[in-house]
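Notes to accompany the following structure.
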2 protein chains.
Amino acid sequence: MPQAKIDAGDEIAVEACPVREVLDRVAGKWSILIIVAAARGPVRFTELERSIEGISRRMLTLTLRHLERDGLLKRTVYATVPPRVDYELTDIARELHQSLLSLTDWAERHRAAISAARVAYDAERLAAAG
Amino acid sequence: MPQAKIDAGDEIAVEACPVREVLDRVAGKWSILIIVAAARGPVRFTELERSIEGISRRMLTLTLRHLERDGLLKRTVYATVPPRVDYELTDIARELHQSLLSLTDWAERHRAAISAARVAYDAERLAAAG
DNA sequence: CAGTATCCGATCTGATACTG
DNA sequence: CAGTATCAGATCGGATACTG
């Protein structure tokens, strides 16, 4: 039962709430970006650092560890010199990526509408404020 | 073309990146929770406050404004005493909610696996450190 | 190459008192 | 009822120097 049923008066429990779960997994500025970047196959640390514009080394590391801990990324270390580490999506992350697709699709389809809404909202508030 | 194609060497642009767009819209601790709570029909401020466990008045207000600005919520004020304000999803938010469903579905299906992954990860690190 | 360690400012959140 | 205003604490995130 994917549909989260909410009748009047129901509480959205913080614990065990599937919505919260997704959020916690995917929240943060970079998680989804990394998942998307890793979706086409194993990627190395530096590849990610270069491909995800604006990410710092620190945040890349932290987010990678986080995703690995949740079982979304598989980290493989090759004992070579120089060292090589590959990150690749696990099966459940690959499923997640599929779900994400409908979200990005939504974003693309409504990007203009959302921009317009913002402009309208700001204009209204500006007018109201004098 | 919903599929975000990423060839080796491509950059995930910060601007105009549909992934980023979704994130910015839906990020934050409460946005999605509010969307889910409002999905079944118009809700009042206090209803939301009661149904979303743990949310503070401040964050509810901020998040509502944010969603309203992005054109995801429609705010209706009734000039009654005491005042009454309804929030309801716009059409595009309703679409978003549909997309969210596949995410929550994913969360439910893999909740156990993710928990297990965490435990395993922590145990490993503990063993390595100890 | 693939990180770790440290410092610090920006942002997010919660608690709470007050108001039209 | 439906907020706003203010303050403090927690967390996030970036820059950067250093290392196996």
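Miscellaneous remarks
- Test: residue in the range B:61-81 that is over 18 Å from residue B:32 (Cβ atoms), surrounded by 16 or more Cβ atoms within 10 Å (Cβ to Cβ) and either touching a residue at least 40 places away in the same chain (Cβ under 8 Å) or basic (Lys, Arg) (or both): no
- Residues of the range A:93-107 that are among the charged types (D, E, K, R) and farther than 12 Å from residue B:99 by Cβ: A:94, A:95.
- Within the range B:69-91, being over 14 Å from the mean Cα position of the chain (by Cα) and within 20 Å of residue B:21 (Cβ to Cβ) holds for B:69, B:71, B:90, B:91.
- Residue among B:108, B:88 that is more than 16 Å from DNA strand C (Cβ to nearest atom), facing another protein chain (nearest Cβ under 9 Å) and among the acidic types (Asp, Glu): B:108
- In this entry, residue A:42 is excluded by the filter for residues that are at pLDDT below 95 and more than 16 Å from DNA strand D (Cβ to nearest atom).
- Some residue of the range B:28-37 being farther than 17 Å from residue A:17 by Cβ and either within 12 Å of DNA strand D (Cβ to nearest atom) or modelled with pLDDT of 95 or more (or both): no
- The set of residues from the range B:81-103 being of a type in the set (Gly, Ala, Ser) and either touching a Phe, Trp or Tyr at 6+ places or on another chain (Cβ under 9 Å) or modelled with pLDDT under 95 (or both) comprises B:99, B:102.
- Cβ pairs under 7 Å, 6+ apart, first in the range B:11-30 and more than 14 Å from residue A:102 (Cβ to Cβ), second among the polar types (S, T, N, Q) and at pLDDT 80 or above: B:11/A:51; B:12/A:51; B:28/B:63; B:30/B:63
- Test for residue B:65: is it more than 11 Å from DNA strand D (Cβ to nearest atom) and farther than 30 Å from residue A:95 by Cβ: no
- Residue A:21 meets each of the listed conditions (1) more than 15 Å from DNA strand C (Cβ to nearest atom); (2) modelled with pLDDT of 95 or more; (3) under 24 Å from residue B:125 (Cβ atoms) apart from (2).
- Looking only at residues of the range A:39-54 that are within 12 Å of DNA strand C (Cβ to nearest atom) and among the hydrophobic types (A, V, I, L, M, F, W, C), we find that the one that is nearest to the chain's Cα centre (by Cα) is A:48.
The values are calculated or read from the model by the stated rules, or taken from the named source; none is laboratory data. Since this is a predicted model, take the numbers as computed values, not measurements. In this analysis, Cβ positions are derived from the backbone assuming ideal geometry, glycine residues included, and neighbour counts consider all displayed protein chains.
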